[in-house]
């Protein structure tokens, strides 16, 4: 799961510039585009979870940002998506991928210890549980750029954005890509800790 999520996260980071500049049309077109660009063509449970996670992330970001529908329908001012929306998409994506992966694991009856909340209501609560636990753990590229002095890497790049020296569309995707291992590690790390905790309690 780690490798698949990292690869997908890097592909998503690479797609942010064009989404900021051009948008992607209606929601269905955005989902199709991101599934194609980010989802890959692998046939594992993790690969399938990435593709479903893309669709779930678009849905969740639309819930957070009702104004996104105007952008998708041509009502936005610039044609592309605002960076705060794209940074939210980046955060939500990782949580949704892990949620979809756990949903797949349960659906396929793969033996894996999962928290009681998931085990008792797998279809209805997995995604909500993962989102509640993990979204805020994923670093937000926009916030990292704004708080460059608190970031060890890439400080120079982030400071250039904050200082207005570079176009955010040229730099924020690089920051997003650099944060992928941290994002995946935090999300999967918390899930592993929760699973281990439940196992320990059961024992």
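Of the residues 40, 14, which single one is more than 17 Å from residue 95 (Cβ to Cβ), surrounded by fewer than 16 Cβ atoms within 10 Å (Cβ to Cβ) and within 16 Å of the chain's Cα centre (by Cα)?
Answer to the selection: 14.
Taking the range 137-165, which residues are at pLDDT below 55 and outside any helix (DSSP H, G or I)?
Selection gives 151, 152, 153, 154, 163, 164, 165.
Looking at 45, 68, 86, which is the one that is under 25 Å from residue 144 (Cβ atoms) and at pLDDT below 90?
Numbers: 45 fails: under 25 Å from residue 144 (Cβ atoms); 86 fails: at pLDDT below 90.
So the residue among 45, 68, 86 that is under 25 Å from residue 144 (Cβ atoms) and at pLDDT below 90 is 68.
The values are calculated or read from the model by the stated rules, or taken from the named source; none is laboratory data. No experiment lies behind these values; they were computed from the predicted model shown. Reconstructed Cβ throughout: ideal geometry from the backbone, glycine too, with neighbour counts over all protein chains shown.
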